[in-house]
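Contents: one structure, followed by commentary.
The values are calculated or read from the model by the stated rules, or taken from the named source; none is laboratory data. Being a predicted model, the structure only gives us computed values, none of them experimental. We place every Cβ from the backbone using ideal geometry, glycine too, and count neighbours over all the protein chains shown. Side chains included, ligands, DNA and RNA excluded: accessible areas come from the protein's heavy atoms. Shrake-Rupley method; radii C 1.70, N 1.55, O 1.52, S 1.80 Å.
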Amino acid sequence: MSDCCVIEVSSQTAGIVVRDAKGYAFFAASQRFQALEGQIFRNAREAERAARRLVTGQDLQLAS
């Protein structure tokens with residue numbers, strides 16, 4: 001997997017994740033996804049799932 005990845009939800013850019021020593025750090029692209037800002041995920045897929053849950057209003061279980 002690459003060192004960075006764009007996360008999109010329903011054709012809207014949620015943000016990017018950038019790999020570091022701890023995992024993938026999320027950087028929000030808009031206020032709508034600000035709740036995920038700075039969260040660390042094990043991989044880009046987990047970040048995408050969290051962004052989708054945010055959009056659908058499901059409870060967030062954020063990885064740390």
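Miscellaneous remarks
- Against the criterion of solvent-accessible heavy-atom surface with a 1.4 angstrom probe, Arg45, Arg52 sort, most first, into Arg45, Arg52.
- FRET efficiency, Arg52 to Val18 (Cβ-Cβ, R0 22 Å, nearest 0.05): 0.65
- Between the amide H of Glu8 and those of Ala14, distances stay under 5 Å, these residues lying 5 or more places away or on another chain, with hydrogens modeled in the peptide plane.
- Helix 44-56 axis, angle to the chain major axis (alpha carbon atoms, nearest 10°): 10 degrees
- Amide H contacts of Ala29 (H built 1.01 Å from N, under 5 Å, at least 5 apart or other chain): Gly15, Ile16
- Solvent-accessible ranking of Thr56, Thr13, largest area first, probe 1.4 Å: Thr56, Thr13
- Accessible-area value, Phe27, 1.4 Å probe, nucleic acids and ligands omitted, Å²: 90 Å²
- Note on the chain: helix-only mean residue ellipticity at 222 nm, from DSSP H runs of 4+ residues weighted -39500 (n - 2.57) and normalised by residue number, equals -6500 deg cm²/dmol.
- Averaging the sequence gap over all C-alpha pairs within less than 8 Å and six or more residues apart, then dividing by the number of residues, gives the chain a relative contact order of 25 percent.
- The accessible-area ordering, largest first, of the residues Ile40, Ile16 stands as Ile16, Ile40, per a 1.4 angstrom probe.
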